[in-house]
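Trainee: Let me give you the structure first, and then I'll get to my questions.
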Amino acid sequence: MKLKNVSKFFDKTKAVDAYNPRYSFKCQVEPLDMYRTEGTRIKIRNMSTAPEVVIPVRRVIKIDDQAYIVSDSSLDHWSGEAIRSRYVLQGADHVVEIRTIAQVLEDVPGVQAYASIDFNKYGTDERDSSEYHPQYHIYFGKETVGEDVLIHTVDRNYFVKNSYLTPAGIVDALANELDDPVVQVTVSTGRSYNPVTDSYTATTVSVRAVRVRWQEYFEYLTQGSTKYERGDAQLFVLPAVQAKAGDTVSIGGEDFKVLSHLDRTGYRSLHIRREP
């Protein structure tokens, strides 16, 4: 009897595609070794399968009710033949929604995905306050997670700063936690002076917007670019909102002056400052 067939005999654990339960396969999962776990890494397990087993495309499986992100495989060989495929499993306890800024502004659905969220560090900016701003690693299977996208859970929001494919084959999105960034704003544009009434008139529109701290998303294009001051923020609106320097934005009864704008793919970024 071949060693390959002997090893397959012990594949008794059923794993199913977390996104399509109709597909399943048999595997072996090593017992949890408490001496090799710490902190949030307690849900890291090792799995092995026969080499011909195909892992689901989005690389998330469920064993019983626990979802796991599946790493790339590492093959075991005997006498020149592949006999086992080995994987590392990372527990995925969250179902999140991945949306571009444009999708959030248009209020359209994004992509639902299983994820593992692991705290990375606290950051502070003494120019504003001593408040801590937490940052997280958000791990995915084979998902497309670009920079400057928003990730939503049931009760939290994250702004992705960077993402990359790790050597293990898992997508790691480095993201800062945000307060609820979606706000309803009133934008006043095209203000003109009427000398007869000695008054100004402007076109006002109420729109959906995304507000983040200025430090989350800024770019100095020239030496003459307006420098940061305490309380400044970045506001994202759809390109149809033609706000520019000098226009006014009202958020929750507070007025902000638009200092500059940058046109991005699918949205416009406004540097705003609270009016005195």
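The values are calculated or read from the model by the stated rules, or taken from the named source; none is laboratory data. Fair warning: this is a prediction, and the values are worked out from it, not measured in the lab. Cβ atoms come from the backbone with ideal geometry, glycine included; neighbour counts cover every protein chain shown. Heavy atoms of the whole protein, side chains included, go into the accessibility calculation; ligands, DNA and RNA do not. Shrake-Rupley method; radii C 1.70, N 1.55, O 1.52, S 1.80 Å.
Trainee: Report the residue, chosen from Ser24, Ser116, Ser71, that carries the largest GNM mean-square fluctuation when the chain is represented by alpha-carbon nodes joined by springs under 10 Å.
Mentor: Result: Ser24 has the largest fluctuation of those listed.
Trainee: Please find the FRET efficiency linking Asp263 to Glu147, where r is the Cβ-Cβ separation and R0 is fixed at 30 Å, and quote it to the nearest 0.05.
Mentor: On the way: r = 17 Å, r/R0 = 0.57.
The value I calculate is 0.95.
Trainee: So how much slack lies between Leu174 and His77, counting 0.36 nm per residue of separation and subtracting their Cα-Cα distance, in nm?
Mentor: Values: separation 97, 0.36 × 97 = 34.92 nm, distance 3.59 nm.
Net length gain for the segment: 31.3 nm.
Trainee: Also: What residue among Val210, Val241, Val54 has the largest mean-square fluctuation in a Gaussian network model of the chain, using Cα springs under 10 Å?
Mentor: Val54
Trainee: Taking only protein heavy atoms and a 1.4 Å probe, what accessible area per residue, in Å², does the chain have with all protein chains in place?
Mentor: Values: 15690 Å² over 276 residues.
It amounts to 57 Å² per residue over the chain.
Trainee: Under 17 Å Cα to Cα from Lys14, which lysines show up? Leave out anything in the same chain fewer than 8 places away.
Mentor: Within reach: Lys26, Lys62.
Trainee: Given R₀ = 22 Å, what would the calculated FRET efficiency be for Asn46 paired with Val16, taking r from the Cβ atoms and rounding to 0.05? Write down the numbers at each step before the final one.
Mentor: Numbers: r = 19 Å, r/R0 = 0.85.
It comes to 0.75.
Trainee: Between their Cα atoms, which of Lys142/Lys244; Lys161/Lys227; Lys12/Lys142; Lys161/Lys244 are more than 28 Å away from each other?
Mentor: Lys142/Lys244
Trainee: Leaving out ligands, DNA and RNA, and with a 1.4 Å probe, what % of the accessible surface on the chain is carbon or sulfur? Don't skip to the end; give the middle numbers.
Mentor: Working: 7890 of 15690 Å².
Solvent-exposed carbon and sulfur of the chain make up 50 percent of the total.
Trainee: Treat each spin label as a single point 7 Å out from the Cα along the C-beta direction, and report the Thr124 to Val108 distance in nm.
Mentor: 4.3 nm
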